[in-house]
1. Of all residues in the range 403-451 being in a loop (DSSP other than H, G, I, E, B) and of a type outside the set (G, A, S), which is most open to solvent (accessible area, probe 1.4 Å)?
2. Given (1) modelled with pLDDT of 90 or more; (2) closer than 30 Å to T210 by Cβ; (3) not in a helix (DSSP H, G or I), where does L646 come up short, assuming only one miss?
3. Which residue is most open to solvent (accessible area, probe 1.4 Å), if the candidates are limited to the range 393-402 and must be touching a residue at least 24 places away in the same chain (Cβ under 8 Å) and touching a Ser or Thr at 6+ places or on another chain (Cβ under 8 Å)?
4. Filter the range 653-684 down to residues that are among the polar types (S, T, N, Q) and assigned to a helix (DSSP H, G or I) and give me whichever is most open to solvent (accessible area, probe 1.4 Å).
5. Looking for whichever is under 29 Å from H616 (Cα atoms), of a type in the set (S, T, N, Q) and part of a helix (DSSP H, G or I) here; the options are S340, S269. Which one fits?
6. Tell me which residues, restricted to the range 705-718, are in contact with a strand residue (DSSP E or B) (Cβ under 9 Å, 6 or more places away or on another chain), open to solvent by less than 50 Å² (accessible area, probe 1.4 Å) and at pLDDT below 90.
7. Would it be correct to say that V302 is buried (at least 16 other Cβ atoms within 10 Å of the Cβ), β-branched (V, I, T), assigned to a helix (DSSP H, G or I) and out of contact with any Lys or Arg (no Cβ under 6 Å at 6 or more places or on another chain)?
8. Residue by residue through the range 744-780, note down the ones that are open to solvent by 20 Å² or more (accessible area, probe 1.4 Å), farther than 22 Å from R79 by Cα and in contact (Cβ under 8 Å) with a residue 60 or more places away in the chain.
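The values are calculated or read from the model by the stated rules, or taken from the named source; none is laboratory data. Everything numeric here is computed off the predicted structure, so don't read it as measured data. FYI the Cβ positions are ideal-geometry reconstructions off the backbone, even for glycines, and counts take in every protein chain you see. Heads up: the accessible areas ignore ligands, DNA and RNA and are worked out on the full protein's heavy atoms, side chains in. Shrake-Rupley method; radii C 1.70, N 1.55, O 1.52, S 1.80 Å.
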Amino acid sequence: MPISIHGLRARERPGGLVEPPVDLAGVTELRVHGVGGTTPEHLLADQSPEQVAGNAIAGFYRTDDLGPVDASESSIGARTTSRHVEAYSWGGTTSKSSSRVLWLLLLPFMLVNIAGWSCSTKMKESPLFGWHQRVMRVVCLALTLNVVLVVSFITADLCAYQAPRAGALGHKWWLWGLRWAPITGHPGRSLVMGFAVPLALVIFLARLGTTTADKYEKVRPPVQDTDDNKRPVGYASTHSIHEREFFDGEYAVRYAMWLHIAAATAFVSILFATTAHAATATPTHQAGWWWIAIVLGVSVLVAAVMMLVFWERVTEHNARVARNLATLALLAVICAGIYSWVQPAYSVARPQLPGFGTAMLWSFAAFLAVVVILALVELSKTFGGTHGRVFAWAPPLITLVAFGLLNTVLFSTAFVVAHNLGTVAFDAKHVGIGAIYLSPKLGWITPGLVLAIVLAVIVFLAVEAACLFRQKEHVDTIRKTYESDTDAWQTQRTAAPALQQAWMENALQPPVDERWARTVSIWRWICNAPLDAPLLIWLVLAVQALVVAFALADQAPLPHQLYAPGTVWAKAFVGVATAAPLLLMAQLRAGWKSPSRRKGIGIIWDVGTFWPRAYHPLAPPSYAERAVPDLQRRIWWLHDNGGKTLIAAHSQGTILAATALLQTKCRAGNDTVALVTFGSPLCKLFHWAFPAYFSPQVLAPLAPFAGGNARVCVWHNFHYPTDAIAGAVFAGANPVDIELLDPATAAYIYQQDKPAVGGHSGYWTDGRVWRDVDQIADAL
C-alpha cells in the first residue's frame, strides 16, 4: 500500500492507488507546483501516485479521492463532499534531463530575451512599440555576434596565430592540429582551424536551443474553432498574454534562429577574410576567393539584419528563406577558407593577428550603438508609464547586464588561454618567443569586470545588512499585530482541549521572547528585499563603467607590473580572471552528474524561461509553451467528461494557471473553474518586472468582483507578510486577496519549538489555506 509522506492523518491527505478507469466527473482539485520541480509524490502526499495524462517530462498524476471529513476529527477542517485530487508536475521541462545543465551557456541569451519583455505599459500601448521590438531583435543579434567575435579572438588570434609564433605548439596537446605537416609554417592554414571553432560553436548553440523544440514550440494550444486553427504569422511579442498566439511561435523562432545562424556565419566569414588578407605576405594570391567571401558575407549579414527588422509576417516559407540565407553564409566561410588555405608559407613576426584589433574596436562600437538606440527608444515612453517600483530603462539595463556577463566570462577565458600558452606581454614592442600579446586595455578590463561584480555585491549586501540592522519594528508592534488577529492567541487557546490549554504559552506575553519577535520582524523586512535588485544592477554597471573608462583612458599605464610572474598582484588578478570560466565549468560538471544540483539550476530557468523566444531565438526554450497548453487541455478534458476544476497553484505555478485561464479561445465556453493561488508572484514580482504583460488590469478578467463575465467562478489569493515572492494582486480591500498572519499564532506548547515562519513554502501545510480549498470544492 502507498504510504503517506506528510505528517497529516490519512483521512485528511490519504494516499492510495487510483482504480481504473479514472473517474473524471465531479470536482477535481488540480495542484500546480512552483519553481524547483516539486515531485508528484510531495504534491499529493503519496509515494506512488498514478499518472493519468502526459509523460515523464510533464504529466498529470492522481491519488486516492478525498472523502468527507467531520470538523471534529480533522485539524484542517470539515469537508462535506468528496473530490478527486490531481497534480500537474511540469518540473521535468527544465530539469529532467542532464543536458539541461548546458543551458547555463545560454544564460546571457536568456537575459537579453527577458529584456525585451520588460518594457513599460506605456511603451506597449504606444506606436513606438514596433520599434522597441525591432531594436531589441537587433540587440539580440549583436549579442550573438559578440560571442562569435570574442571566441574568434581566442581561437584564431591567440591559438592559431600567436601560439605558433610563441613556440607553444609542442607543449599543449589541445593544439595538436596546428602541428600537422601541411599546416606548420602556413599561418593562413592555421587560421582555417582557428575560425572553424566559432563556426562550430554557432552550430552547437543552435542545436542546443532546438534540442527540445518538439517538446515546446511545436505543442499547439487547444482552440474552440477549428477554422481558427492556423499558425500565427507574427512574433509572440506582438500579441497580448491572453491571446492564443502568445504561446504558438514555432515559425517565428525557427525563422529568427536561422537568421542568427546566417548572420553569425557571415560575420565569421568577414572576420576570416579580412584578417587572412591582412596577415598574408602576398595578399593578391588568388584574390577572387577573397572578394567572393567579402561580398557574400557582407550581403548576407545586411540581409539578415534587414529581415529581422522589417519582416513582421513570419511564415514557414520565410523560415525556409532564412535557412537558405544561412547556406549562403556557409558558402562565404568556405570561400574565405579556400583563400586562406592557398596562401604560401611565410614566417610570422607580428605580435598579434593583423586587423583583428580594429575589427574588435568597430564591432564593440556597433554593439554599444544599438544599445544606445534602445535606450533612446525606451526613454521616450518609459517615465510615467511604469507601476510601483518598476525600475526605469529596464530593457537597456538588463541588456547591459547580459553583455557584461557574457564578456566577463569570455575575456576571462581568453586570459586563461593566454596564460596557458606562454608569458603574457602587454607591450607590442617587446613581444618575442614564448610571449603572448594582449592589449593593455584588455589587461585592465578582464580582472576589472570580475572585481566590479564582486565589489558591487559586497557593497550591496553591506547596505542591505545595515538597513536590516536598523530595522525599527518593535516587539510591541508584533504583539499588537497578533492580538488583533481573530485566529491568534486567545482564539486558539480556547479551541484547544482543556488539558492542552494549561500547557500553552504565548511568545509575546511576559516574559516576552524578543528573539522570536525579532525573527518575525526581520522576515517581514526581508519580504521587500527582492525589489531592491535594480540597485544592485545599477551598482554593478556603474563600477564596470568606471573600470572600462579607466582602461580606455590614454593615461592608463601598462598593466605588465601587475602581472609580473611571482608577484602578489599577478596571482590575485590571474586568480580573479580565471574564476569565472572555472566556476562555470565546475557548475556544469556538478550539475551534469547530480540531479539535486541540476534541480537548482532548473530554478533559474523556471523563472527566466517562462517567456517565449520572441527576441533571442538561441535562448533556452520556453517551458510555458508546453505547460500552458497542457493545463488548458486537461481542464477542457475534465469539462467534457462532466467535471469541474479547482486549481490550487503555488508560486510560479500561479503564473501558468492564470495565463491558461486568461486565454478564453483555449477553453471550453461553459466550463466551471475555481482558482486558489498562494505564494503568487503575479503582481509583486511579475507586474514589477513585466508591467506590460502582468498587471491588475490584465488579470481583472479572472476576478469575479470586477464585473462582466468572469473567467473563474471564484479566486482566492493567499499571501504572507513574510513571503519575499508573493503579494496581493489587486489594490485595496477585495475578495480575492487574503493576507494570512505568519506564523499563524504566537502560541506554543511548553518546552516545544515556537511557531516557525512559513515564508514562501509554508502554505502547503497551512490549515487555513486548505480549509478554504475544502469550502470552495464543497461549493462547486
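1. Of the range 403-451, the ones in a loop (DSSP other than H, G, I, E, B) are 422, 426-427, 431-434, 438-439.
Filter once more, keeping what is of a type outside the set (G, A, S): 426-427, 431, 433, 438.
Working: F426: 7, D427: 51, V431: 35, I433: 147, L438: 1 Å².
Selected residue: I433.
2. Tallying (1) modelled with pLDDT of 90 or more; (2) closer than 30 Å to T210 by Cβ; (3) not in a helix (DSSP H, G or I), L646 fails exactly one: (2).
3. Going residue by residue through the range 393-402, those that are touching a residue at least 24 places away in the same chain (Cβ under 8 Å) are 394-402.
Subsequent filtering for residues that are touching a Ser or Thr at 6+ places or on another chain (Cβ under 8 Å) retains 394-395, 398.
Details: A394: 4, P395: 3, I398: 24 Å².
Per the stated criteria, the residue is I398.
4. Of the residues in the range 653-684, the ones among the polar types (S, T, N, Q) are 654, 659, 663-664, 670, 672, 677, 680.
Still in the list and also assigned to a helix (DSSP H, G or I): 654, 659, 664.
Numbers: T654: 0, T659: 0, T664: 59 Å².
Within the range 653-684, the match that is most open to solvent (accessible area, probe 1.4 Å) is T664.
5. Details: S340 fails: under 29 Å from H616 (Cα atoms).
Within the list S340, S269, the selection yields S269.
6. V712
7. Working: buried (at least 16 other Cβ atoms within 10 Å of the Cβ): no; β-branched (V, I, T): yes; assigned to a helix (DSSP H, G or I): yes; out of contact with any Lys or Arg (no Cβ under 6 Å at 6 or more places or on another chain): yes.
Against the criterion (buried (at least 16 other Cβ atoms within 10 Å of the Cβ), β-branched (V, I, T), assigned to a helix (DSSP H, G or I) and out of contact with any Lys or Arg (no Cβ under 6 Å at 6 or more places or on another chain)), V302 does not qualify.
8. Y748, I749, Y750, K754, P755, V757, H760, S761, listed by residue number.
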